[in-house]
Amino acid sequence: MGWAILAVALGGVAIALQAPINAALGRGLGAPVPAAAVSFGVGFAVLFLVSLLQGQGAAFLRLGQVPVWTLVGGVLGAWYVFAAVWGVASLGVVTLVAALVFGQMAAALVIDATGSLGMAVREITPTRIAAAGMVLGGLVLSRL
């Protein structure tokens, strides 16, 4: 589990870097939506190439076999990238990331409690609620 936490923490570093980089791209292009589209396009190209290099290219041929609702992840990712590109200039990176993490924590509590989207039900303990509350506190403090 230690390596997984490290990998995810490095993903968090990437998110913190991605927002201002994409905002600079948006300024260069003069619009946030095209910047988000370019960011997604580059990400797609990288992931497609990695898939091919790992011998997983045939998986794309099974795309028609997956439930349509599973493609909503791309829409949600597009919203995230657009919101970050648009919001980072007015919020700053710390507040942006705090808001993102709080939103993730709130949604995660609901998903864990209900077992929705194919996830296992996990108990929502006072400690887990307090963790989300602490993130909310960090969000509030980041604006002072």
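The values are calculated or read from the model by the stated rules, or taken from the named source; none is laboratory data. Only a predicted model underlies this, so the values are computations on that prediction, with no experimental measurement involved. Using ideal geometry, Cβ is built from the backbone for each residue, glycine included, and neighbour counts are taken over all protein chains shown.
Does region 111-133 contain any residue that is at pLDDT below 95 and closer than 24 Å to Ile21 by Cα? The answer is no, given that none of the residues of region 111-133 is at pLDDT below 95 and closer than 24 Å to Ile21 by Cα. For region 29-48, residues that are farther than 22 Å from Gly73 by Cβ, surrounded by 10 or more Cβ atoms within 10 Å (Cβ to Cβ) and out of contact with any helix residue (DSSP H, G or I) (no Cβ under 6 Å at 6 or more places or on another chain) total 1. Please indicate, with yes or no, whether at least one residue in region 103-124 is closer than 29 Å to Leu29 by Cα and buried (at least 16 other Cβ atoms within 10 Å of the Cβ). Checking region 103-124: not a single residue is closer than 29 Å to Leu29 by Cα and buried (at least 16 other Cβ atoms within 10 Å of the Cβ). Of the residues making up region 58-78, not a single one is of a type in the set (A, V, I, L, M), touching a Pro at 6+ places or on another chain (Cβ under 7 Å) and either touching a residue at least 60 places away in the same chain (Cβ under 8 Å) or more than 20 Å from Ala14 (Cβ to Cβ) (or both). If only residues of region 123-144 that are in contact with a helix residue (DSSP H, G or I) (Cβ under 6 Å, 6 or more places away or on another chain) and among the hydrophobic types (A, V, I, L, M, F, W, C) are counted, the one that is farthest from Ala113 (Cα to Cα) is Leu139. Gly133 versus (1) exposed (fewer than 14 other Cβ atoms within 10 Å of the Cβ); (2) not in a helix (DSSP H, G or I): which is the lone unmet condition? Condition not satisfied by Gly133: (2).
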